[in-house]
Amino acid sequence: MKTFGVILLLLVLAGGIVYADGARLPYNHSVSVIGVVPAPQEKVFALITNVAHGSDWRPAVKSVTILSTNKDPDHWVEYLDHGQFMTFLAIRTDPPMRRDVQLDDPHASYGGTWTYELSPGPAPATTTLRITETGFIKPPIYRFVMAHLMGPTRNLDQYMKDIQAAAAKP
């Protein structure tokens, strides 16, 4: 019984340290990644803005449901593993140079915007893509996980790898 008490005390102490560390981390954040995509801007922009086919080239996205009509800004839901889903709204679209997307869930524990900025790449038929996430994370434990276990650019890095691979296909 004494061993159980010591283990329980250590777990509570570890949880408190994780919570305290997460609480000291900033609520708001902004991170960016930059990469060269092996395709012209128009093709890269088409991949980014054709959200209905996002699951064709982004392995983490299992399916997409479009919520908007033809006249409305893009509004969609991405379904991920483990029953997770995220609802997005395009808030700015300047072809073929910029796209701003917002997480559209006022009750989410995290959220923000993702800005995709495209410019001519260093070689012909390439595009320099900068993706910036400007967001917030409410629960201190989520902030701890993002800062120390996942890394702040993990999702952006994966998106960049996915779009580079998709753009390289004929």
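The values are calculated or read from the model by the stated rules, or taken from the named source; none is laboratory data. Remember, predicted model here, so these are calculated numbers, not experimental data. Positions of Cβ are backbone-derived with ideal geometry, glycine not excepted, and every protein chain shown enters the neighbour counts. These area figures cover heavy atoms from the full protein model, side chains too; ligands, DNA and RNA do not enter into them. Shrake-Rupley method; radii C 1.70, N 1.55, O 1.52, S 1.80 Å.
For this structure, a couple of remarks:
- Against the test of being under 13 Å from the mean Cα position of the chain (by Cα) and surrounded by fewer than 17 Cβ atoms within 10 Å (Cβ to Cβ), the options L80, L103 yield a single qualifying residue, L80.
- Restricted to region 52-72, and to residues there that are within 21 Å of R154 (Cβ to Cβ) and assigned to a helix (DSSP H, G or I), the residue that is least open to solvent (accessible area, probe 1.4 Å) is G54.
- Screening F136 against (1) modelled with pLDDT of 95 or more; (2) open to solvent by less than 70 Å² (accessible area, probe 1.4 Å); (3) not charged (D, E, K, R); (4) not in a helix (DSSP H, G or I) leaves a single unmet condition, (1).
- Region 148-170 - residue that is part of a helix (DSSP H, G or I) and open to solvent by less than 50 Å² (accessible area, probe 1.4 Å) and, of those, nearest to R58 (Cα to Cα): D162
- For region 116-133, filtering for residues that are of a type in the set (A, V, I, L, M), outside any loop (DSSP other than H, G, I, E, B) and more than 18 Å from A46 (Cα to Cα) leaves 0.
- Residues of region 91-130 classified as aromatic (F, W, Y) and modelled with pLDDT under 95, total: 1
- Taken over region 21-51, the criterion of being part of a strand (DSSP E or B) and open to solvent by less than 60 Å² (accessible area, probe 1.4 Å) is satisfied by H29, V31, S32, V33, G35, V37.
- Scan region 106-124 for residues that are in contact with a Pro (Cβ under 9 Å, 6 or more places away or on another chain) and surrounded by 12 or more Cβ atoms within 10 Å (Cβ to Cβ) and the total you get is 4.
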